[in-house]
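We did not get these values from a lab; they are worked out from the coordinates using the rules stated. Since we're looking at a predicted model, the values are computed, not measured. Cβ placement follows ideal geometry from the backbone for every residue including glycine, while neighbour counts extend to all protein chains displayed.
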Amino acid sequence: MAKAKIPDPLARRHLVEKGLAPEKALAIAEAYLAEDRCVEAVDFLANAGGEERLAELRSRAVEEGDVFLLRAVADAQDAPPDREEWRRLAASAESRGLERYATEARRQAERGDD
């Protein structure tokens with residue numbers, strides 16, 4: 001399979017809106033992931049049915065304290081983070097010096113529904 005090119009922002013939006021064949025969506029997702037652009041890969045992974053990769057990204061978000069990535073993956077999976085997941089993400093963010101992310105994750109943990 002040919003290497004997928006990362007689309008520009010406008011083309012990306014159009015591709016996400018119109019939907020793609022799963023193989024093409026996965027190729028674009030992999031191109032984003034190769035550039036460590038995880039949040040941008042999420043919609044394409046969801047389109048491709050890449051549940052295993054989405055689960056990996058969800059774990060990565062918690063481990064790295066990345067609030068934006070966790071929200072993107074949770075939305076794609078239609079599975080909101082629970083309190084414990086937010087707490088783990090807060091601890092990870094705090095340990096990495098990401099105070100804004102840690103504060104937001106703690107706020108979400110306090111208001112989350114188990």
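At-a-glance table
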quantity: Percent RCO, i.e. relative contact order, over region 3-55, from Cα pairs under 8 Å lying at least 6 residues apart; calculated: 36
quantity: Values of log10 I(q)/I(0), in the order q = 0.14, 0.17, 0.19 Å⁻¹, for the chain under a Debye, Cα-only, solvent-free model; calculated: -0.58, -0.79, -0.92
quantity: Assigned charges on the beta-carbon of Lys, Arg, Asp, Glu; the chain dipole about Cα centre (debye); calculated: 340
quantity: Normalised contact order of the chain, rounded percent, pairs of Cα under 8 Å and 6 or more residues apart; calculated: 19
quantity: Environment charge at Glu99 (Cβ cut-off 15 Å; Lys +1, Arg +1, Asp -1, Glu -1); calculated: 0
quantity: Computed E for Arg83/Lys5 - FRET, C-beta separation, R0 41 angstrom, nearest 0.05; calculated: 0.50
